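Taking it in order: structure first as C-alpha cells, then the write-up.
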Amino acid sequence: MELVEVKKLQVQLDAFAGKDVYLHLETTNGSYASHFNESFFNAGAFIRNVVINYELGKVVGDSPHRVGLKLPHGWVYAQGITHYELDEEGRLLLAGHAGDGKLAVALEISETPFSY
Amino acid sequence: MTIPHERHVLVVFPHPDDEAFGVSGTITTHIQQGTPVTYACLTLGEMGRNLGNPPFATRESLPVVRKKELQASADAMGLTDLRMMGLRDKTIEFEDDEKMVKMMTDLIEELNPSKIITFYPDFAVHPDHEATARAVVRAVRRMKDRPTLHGVAFANNTAEMLGQPDVVFDIREVREQKMNSMKAHISQTAWMLEEMEHKLQQGDTATENWLTKERFYHYRWHEDFEKSF
C-alpha cells in the first residue's frame, strides 16, 4: 500500500464509477477495546460483497482523507483513509492506518466478489 | 501438575494465535508424550487490525499471511493434524447455532478425543471465542460419555466468578516450543513479544510464570452456562 495522493486516487475512483462493483466497508475498535477499558463504548460496522453502482466517487481533505461515493439513491463514505493500493486483481483497496499500525477503517471496491 | 496421557486431544479455537498464548505448551507436551492432537482453527483471522504503518499487508492479503503463520505455529509445536475450518473472523456468533454444534459434533465423532480444550463460555472476552466455546459445550453436553473439557478463561471477572484455575500444567520443559509458536504468529505478536522480552530481562515474575505454566478450568457441568439448547 502507498500513502494516498489525492490526484492519483481520484483517477482510480473515477475508473469504477458507473459500474456494478462489490463493496467492502469496515470500521472497528477491535474486540478487546472494552476488555482493556471497561468504560469504552465499542462500536463498529462491516459490509462485504454488497453490490453498488456509484455515479460519483470523490477523495477529499488532507490526510487522513475522506472518500465518498454518491449512489442514485444514497451514499457510502469512509473517514480516516491514509493508504491505498490497486492490487494485482485490479481491486481498489483503501485503508486508514492509525499511527500505532492498527487498521481503523477500510473501503474496498472490486468488479469481482471478494473472498468469503 | 504433570500432564496426564490422553487417547486423543482436540483443541478448538477461532483465531490463528489463540493456541500460541494459552495452550501451545500443553499441546507440545501431549505430542511429545505420543498423544495425537488435532487443532481445529475456525477462521484465518481475516479481520486482524495489526497491519502496520506503513502496512505490511492489506485486508485482502492478510489471510494468506496468517495461514502461513498458523502452519508455522503448528510446525513449532510438532502438530501434524491442523484443520482450517473455513469460517470468517468476527462472524462466528452470527452463524446458525445448530450448524456450529454439528461442526463440533462431527469433529468429536471422527476423532473420539478423551480431552477437549477450548475457551470457557462467558469468560472468553472476544465474541468469536464465546461463540466457539458455546458450540463446543453444546456438542459435548449432548454426548453420553463426555470427554474431559478444559476451558481457557481470561475475562476481567474470572477470578471473582470462577476462582483460581483448577488445572495448572508445568510447561517449563517446552518453553522454547511455546516461544516459537508465539513467534510464528509474528504479524499479530511482534509488539507483545517485544514487550515480553523487555519484561523477562527485568526479571518480571508474572511474565516468567506465563511461560512456565498453562491454566485451565474444568468445565463445571453443574453450573452449565445455559440450562439447555
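Just a few scattered comments:
- Proximal lysines to residue B:213, defined as alpha-carbon separation beneath 21 angstrom and excluding residues fewer than eight positions away on the same chain: B:115, B:178, B:183, B:199
- Across the cross-link table entries B:68/B:90; B:67/B:227; B:67/B:144, which are compared at the Cα atoms, the separations over 31 Å belong to B:67/B:227; B:67/B:144.
- As a fraction of the 1.4 Å probe accessible area of segment B:1-144, surface on carbon and sulfur atoms comes out at 53 percent.
- From its DSSP helices (H runs of at least four residues, each -39,500 (n - 2.57)), the protein assembly as shown gives a residue-normalised ellipticity at 222 nm of -10000 deg cm²/dmol.
- Size of charge dipole - chain B - debye, nearest 20, with Cβ of Lys, Arg +1 and Asp, Glu -1, no other charges: 280 debye
- Between residue B:220 and residue B:200, the FRET efficiency from the beta-carbon distance, with R0 = 45 Å, is close to 0.85.
- Per-residue average of Cβ from other chains inside 10 Å of B:85-91: 2
- DSSP beta bridges in the protein assembly as shown [antiparallel fraction, %, rounded to 5]: 70 percent
- Straight-distance crosslink candidates among aspartates and glutamates, where the alpha carbon sits under 20 Å from residue B:99 and sequence neighbours closer than 8 are dropped: B:89, B:109, B:110, B:128, B:130, B:226
- Computed from Cα atoms, the angle from the helix A:6-16 axis to the main principal axis of chain A rounds to 60 degrees.
- For segment B:62-125, a Kirkwood hydrodynamic radius built from all Cα pairs, placed in the Stokes-Einstein relation at 4 °C and 1.567 mPa s, yields a translational diffusion coefficient of 92 µm²/s.
- Computed Rg/Rh of segment B:24-138, alpha carbon atoms with Kirkwood Rh: 0.98
- Take each residue of peptide B:55-63, count the partner chain Cβ atoms within 10 Å of its Cβ, and average: the result is 6.
- Backbone geometry of segment B:143-156 corresponds, through the Karplus equation with coefficients 6.51, -1.76 and 1.60 at θ = phi - 60°, to 3J(HN,Hα) couplings of 7, 6, 9, 7, x, 4, 10, 10, x, 9, 10, 9, 4, 4 Hz, x marking Gly and Pro.
- Projected label distance in nm at residue B:142 and residue A:11, using a 7 Å step from Cα toward the beta-carbon: 5.7 nm
- Within segment A:25-61, the GluC sites (Glu not before Pro) that combine a DSSP coil assignment with at most 13 other C-beta atoms in a 10 angstrom radius are A:38, A:55.
- Volume per residue of the C-alpha convex hull in the protein assembly as shown, rounded to whole Å³: 157 Å³
- Considering all C-alpha pairs of chain A, those separated by over 21 Å amount to 37%.
- Put simply, the Cα atoms of chain B extend 49, 41, 36 Å along their principal axes, the longest span coming first.
- Potential extension, residue B:156-residue B:106 segment - 0.36 nm per residue separation minus Cα distance: 14.7 nm
- Residue with peak Gaussian network fluctuation, chain B [Cα springs, cutoff 10 Å], from B:160, B:130, B:214: B:160
- Within a Gaussian network of chain B (alpha carbon springs, distance under 10 Å), most fluctuating of B:121, B:55, B:14: B:55
The values are calculated or read from the model by the stated rules, or taken from the named source; none is laboratory data. Note that the structure is predicted; figures quoted are calculated from it, not measured. Counting neighbours? That spans all protein chains shown, and the Cβs are built from the backbone with ideal geometry, glycine included. Side chains included, ligands, DNA and RNA excluded: accessible areas come from the protein's heavy atoms. Shrake-Rupley method; radii C 1.70, N 1.55, O 1.52, S 1.80 Å.
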